[in-house]
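Bear in mind that the values in this text are calculations on the coordinates, not laboratory data. Since the model is a prediction, treat every value here as computed from it, not as a measurement. Note that each Cβ is placed from the backbone with ideal geometry, even for glycine, and that neighbours are counted across all protein chains shown.
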Amino acid sequence: MTTPDGLPPLRDVVKAHDLMPRRALGQNFLFDLNLTSRIARAGGRLDGETIVEVGPGPGGLTRALLFEGAARVIAVERDERCLPALAEIAARWPGQLDVVHGDALAVDIAALLRGQPARIVANLPYNVGTALLTSWLTATPWPPWFSSLTLMFQREVAERIVADETDPGHYGRLGVLCGWRAEASILFDVAASAFVPPPKVTSSVVHLKPRSTPEPCDLAELERVTQAAFGQRRKMLRQSLKGLGLDVQALFAATGILETARAENVPVSGFVALANAAAALRRA
Ligand code: SAM
């Protein structure tokens, strides 16, 4: 069978390198190069771009990123079994693919880039996907080192990422963080049957564009406020915010937010106002 880049089909690559998928590493591989090309292109044109990919695995998305025109791909992979397969891709695209063997939660990707602008495109391992997204969106300095994120998540997680108070069933701490620092949207779904092995649920590709000037806010305080509020999401804020150890009536007076409101009805801007008011009270 021929492939667009002349490398062997992914099914053969996995067989040749004995890459039996491991659940502990969130390994659900994509073999369809048309689909990986669609994901690669989903965040915009790739010509001349530097792309950071987390979890290249046998390289389906990596190959698509290079074939679709990325100038350079930095791919961070934890599973050393995948390195020989990735070396074959690097040989097909000399000087354009840098493979970093390590845990993406620990690797300092910004340092590898040395100030070069980059985008993140990844079919994330489901077990660390939310932790990675949170680490990227809580980056300092801000605006961050990446200009966009195009990421695959389980559909349920994707819905939580894009949710605001108009979708109280999915709105929570993740939605507040994403809404504060980025514009997030779901681009399209990917059926479970597209993966090897197929996961139990549908996946979605999400696109996030960092806001260059999000409303100023103390991040640690925002995390404290959303943790308290959504930790008891059914309770009114006058009850759920008690754990902050602050004069909660003063918080409501400073922000105009009703003490009878529940977390899931407060917009992102309301949480930013509460966090700023909490920070001011703590300073006073
Ligand atoms: N990109 C490939 C594809 O689309 O077929 C594989 C995606 S698979 C869902 C996730 C990949 O992330 C696996 O290759 C896995 O080994 C890797 N991985 C898991 N945890 C990781 C971590 N902490 N840091 C870097 N890579 C990780």
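Please list, by residue number, every one of the trypsin sites (Lys or Arg not before Pro) in the range 29-79 that is coil in DSSP and has at most 14 other beta-carbon atoms within 10 Å.
Qualifying residues, ordered by number: Arg45.
Can you tell me how much longer the chain between Arg45 and Val201 gets when fully stretched, taken as 0.36 nm per residue apart minus their C-alpha distance, in nm with one decimal?
Answer, rounded to one decimal: 53.3 nm.
By how many degrees, between 0 and 90 and to the nearest 10, does the Cα long axis of helix 219-231 differ from the longest principal axis of the chain?
80 degrees
At 222 nm, what value in deg cm²/dmol follows for the chain if DSSP H runs of at least 4 each add -39500 (n - 2.57) and the sum is divided by all its residues, to the nearest 500?
-10500 deg cm²/dmol
Would you work out the relative contact order for the range 219-283, in percent, from Cα pairs under 8 angstrom that are 6 or more residues apart?
41 percent
On a C-alpha basis, how far is the centre of the range 198-238 from the centre of the range 1-40 in Å? Whole number, if you could?
33 Å
If each Cα of the range 157-284 is one equal point scatterer, what is log10 of I(q)/I(0) from the Debye formula at q = 0.11 Å⁻¹?
The computed values of log10 I(q)/I(0) come out as -0.43.
Quick check on the range 23-134: of the DSSP beta bridges with both residues there, what percent are antiparallel, nearest 5%?
If we restrict to bridges inside the range 23-134, about 10 percent are antiparallel.
Treating only the Cβ of Lys, Arg, Asp and Glu as charged (+1, +1, -1, -1), what charge dipole size does the range 10-210 show about its Cα centre? Round to the nearest 20 debye.
140 debye
Quote the relative contact order of the chain in percent (integer), defining contacts as alpha-carbon pairs under 8 Å separated by 6+ residues.
14 percent
State to the nearest 20 debye the size of the charge dipole of the range 32-87 about its Cα centre, where the only charges are +1 on K and R beta carbons and -1 on D and E beta carbons.
Dipole about the Cα centre, nearest 20: 100 debye.
Given C-alpha coordinates of the chain, what is the ratio Rg to Rh with the Kirkwood estimate of Rh?
So for the chain, dividing Rg by the Kirkwood Rh gives 1.04.
What percentages, rounded to whole numbers, describe P(r) for the range 1-55 computed over all alpha carbon pairs with 5 Å bin width beginning at zero?
All Cα pairs, binned at 5 Å, distribute as 4, 14, 20, 24, 21, 13, 4 percent.
Let's test the formula: R0 of 45 Å, r as the Cβ-Cβ distance of Glu88 and Ala254. What FRET efficiency results, to the nearest 0.05?
0.15
DSSP loop (so not H, G, I, E, B), at most 10 other Cβ within 10 Å: list which trypsin sites (Lys or Arg not before Pro) in the range 179-229 pass both filters.
Listed in order of number, the matching sites are Lys200.
What GluC sites (Glu not before Pro) does the range 173-259 have in DSSP loop regions with at most 13 other beta carbons within 10 Å?
In loop regions of the range 173-259 (DSSP not H, G, I, E or B), there are no sparsely surrounded GluC sites (Glu not before Pro).
Quick one: Cα convex hull volume of the range 63-164, Å³ per residue?
119 Å³
At R0 = 25 Å, how high is the FRET efficiency between Gln116 and Asp5 if r is their beta carbon distance? Nearest 0.05 is fine.
Using R0 = 25 Å, I get an efficiency of 0.55.
What is the range 219-283 by shape, rounded, prolate or oblate, if you read a ≥ b ≥ c off the alpha carbon gyration tensor as root eigenvalues and call it rounded for a/c under 1.5, prolate for a/b larger than b/c, and oblate otherwise?
Since a/c stays below 1.5, the shape of the range 219-283 is classed as rounded.
Note down the Stokes-Einstein diffusion coefficient of the range 159-219 in µm²/s, whole number, using a Kirkwood radius over alpha carbon pairs, 10 °C, and 1.306 mPa s.
Value of D from the Cα-based Kirkwood radius: 122 µm²/s.
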